[in-house]
Amino acid sequence: MLLVDRPVKDVERPGNQITQTHSLAFLHERAGQPWRSFPPDEQAVLCLAQNALKRAESVIICLGGRAGRLGECLVGTGLLEALLLALHVVGKAGTPVHLLIDQGAVDLFDERLYQARYWPRIHVHAAPLGETFARAEALTQHHAGKQSLIIDLHGAHDGMPILRIEERPSASSPGASHAAPQTVTTLGCLFRVGVRSYATRGAQRRYADFMEALFALPAGALDGALAQPRIWLSAADEARYPALADDYGLHSSAHLIVCFFQSIVPAKCYGRWREVLTLLAQQVARRFPRQQLDFLIACGPDADLPEGVRLADMAAEFADFTGTRQNARTVVRATPALRDLAILVRHAALVLSNDTGPGHLAGALQVPTIVPYLPGNVYSKAVWASTPWHHGVTLEPNPFPAQRIEAAVLWDSTDIIDSIPAERLIMAVFDQLTNHLLSGGYRTPCSCRSVC
């Protein structure tokens, strides 16, 4: 793609600071029209983004979710992985990278594993809610006189993406005419377009295609199979599984199925999970008569959850479930440590989940995940089946008008999500479990190797 420069527009000069601001909203339209060529004015803006990536002497990445939502943070790792691959493609492997992660999710991001996977100068920082940009600004102050690039992948920063270039007097020599200015380029509000709009590209290409478009990289420059939501676990994490399984009362002879049956949005809480578990136990008893199943119903803090899906509610609903001819058990437990939860999930045969944050954790660990989604475009399957390991089930074609689905979300109604037959879910569930059983069960994942 030929990129051309154009005269600077939207220039502000507060004091000695020079700022350019450019809209990247055209990337939203581009998502649904992959055959469309960028006109010269849009190419010029992408030229600025590409140049900022190639010249960056430090890269600061903001990652998190609205109100600390885990799901948005985890889905954003698909863009993070694509970005780190893009740095490698343009010859910037080794550039200092600072990952600013929501404080509530930072336990999932092991700095040493990113360093082993990519390069040693990657650093992870916890950011309190609402302070990611302030922390990013503070980090730029440590790179006065250099080129800094801020990449905003945070789900709380909604709206159309922008590119902002600020030229500031060097902090090391204020007022000195000969001092090299500091340039801070910000690519802001990337989450909405990168996650929602580019979902039309499909599970294998959505994150890679967005980063290729943003930085004007050749089509196919980024491997779509690698540019996916991902949480990395170490050999030491893997070694902790037996102790965790013992603590949770899981049986080594049983196949583990992790369940996330909660959500802070009642309209996404599928109320027919017991039917699904019953049908699954029947199918396993018929095909694999000696196989035992452990269902770990993992629960989060009760504080933000509606009545009916809290820990005590889960325990009451599933306490007496024993499957078919006693081939199943349920373990209902709170899971306060996210990294422990990730280790447990990584060893699961599959995950059954509402459309909720921990379900995205399962996909980011490459564990098959079965999720019922509301039909239509509200919390849609197209967007939130966020990885190739998500096997979403919904009602297609959608039999409900948009207003009725919106009303269900607004008034906490579960009638629409519960209209998905358990039999539709069980088809996807049993297919994935059968694949697991016939393949010999859990396999230790490959160790983290550098891609550079």
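The values are calculated or read from the model by the stated rules, or taken from the named source; none is laboratory data. Only a predicted model underlies this, so the values are computations on that prediction, with no experimental measurement involved. A quick note on method: Cβ atoms are made from the backbone with ideal geometry, for glycine too, and the neighbour counts reach across all protein chains shown.
Residues satisfying the criterion are present in the stretch 204-214 (criterion: of a type in the set (Phe, Trp, Tyr), at pLDDT 95 or above, within 29 Å of Pro368 (Cβ to Cβ) and touching a helix residue (DSSP H, G or I) at 6+ places or on another chain (Cβ under 8 Å)). Residue pairs whose Cβ atoms lie under 7 Å apart, sitting 6 or more positions apart in sequence or on different chains, and linking a residue in the stretch 38-54 that is over 18 Å from Pro218 (Cβ atoms) to a partner that is surrounded by fewer than 19 Cβ atoms within 10 Å (Cβ to Cβ) and among the β-branched types (Val, Ile, Thr), are Pro40/Val4; Ala44/Val4.
One residue stands out in the stretch 51-70 among those that are surrounded by fewer than 19 Cβ atoms within 10 Å (Cβ to Cβ) and more than 13 Å from Val184 (Cα to Cα): the one that is nearest to the chain's Cα centre (by Cα), namely Arg66. Just so you know, in the stretch 314-342 the residues that are in a loop (DSSP other than H, G, I, E, B) and hydrophobic (A, V, I, L, M, F, W, C) include one that is farthest from Leu70 (Cα to Cα), and it is Phe321. Residues in the stretch 289-313 that are within 14 Å of Ser253 (Cα to Cα), part of a strand (DSSP E or B) and in contact (Cβ under 8 Å) with a residue 60 or more places away in the chain: 0 in all.
The criterion of at least 3 residues that are surrounded by fewer than 23 Cβ atoms within 10 Å (Cβ to Cβ) and touching a residue at least 40 places away in the same chain (Cβ under 8 Å) is met, among helices (runs of 4 or more DSSP H) falling completely within the stretch 166-283, by 235-239, 241-247. Looking only at the stretch 278-311, how many residues end up being in contact with a helix residue (DSSP H, G or I) (Cβ under 8 Å, 6 or more places away or on another chain) and of a type outside the set (S, T, N, Q)? Going through the stretch 278-311 one residue at a time, the tally reaches 19.
Applying the condition of being in a loop (DSSP other than H, G, I, E, B) and closer than 15 Å to Trp232 by Cα to the stretch 108-144 and asking which residue is farthest from the chain's Cα centre (by Cα) yields Trp119. For the stretch 145-162, the tally of residues that are modelled with pLDDT under 95 and of a type in the set (D, E, K, R) stands at 2. Scanning for something touching a strand residue (DSSP E or B) at 6+ places or on another chain (Cβ under 7 Å), surrounded by 22 or more Cβ atoms within 10 Å (Cβ to Cβ), at pLDDT 95 or above and of a type outside the set (Ser, Thr, Tyr), does the stretch 412-422 turn up at least one residue? Scanning the stretch 412-422 turns up at least one residue that is touching a strand residue (DSSP E or B) at 6+ places or on another chain (Cβ under 7 Å), surrounded by 22 or more Cβ atoms within 10 Å (Cβ to Cβ), at pLDDT 95 or above and of a type outside the set (Ser, Thr, Tyr).
Does Gly91 satisfy the criteria of being surrounded by fewer than 18 Cβ atoms within 10 Å (Cβ to Cβ), modelled with pLDDT of 95 or more, over 21 Å from the mean Cα position of the chain (by Cα) and on the phi > 0 side of the Ramachandran plot? Yes; evaluated as a whole, the condition is true for this residue. Counting only residues that are in a loop (DSSP other than H, G, I, E, B) and either without any contact (Cβ under 8 Å) to a residue 24 or more places away in the chain or crowded, with 22+ Cβ neighbours inside 10 Å (or both), the stretch 355-366 holds 3 of them.
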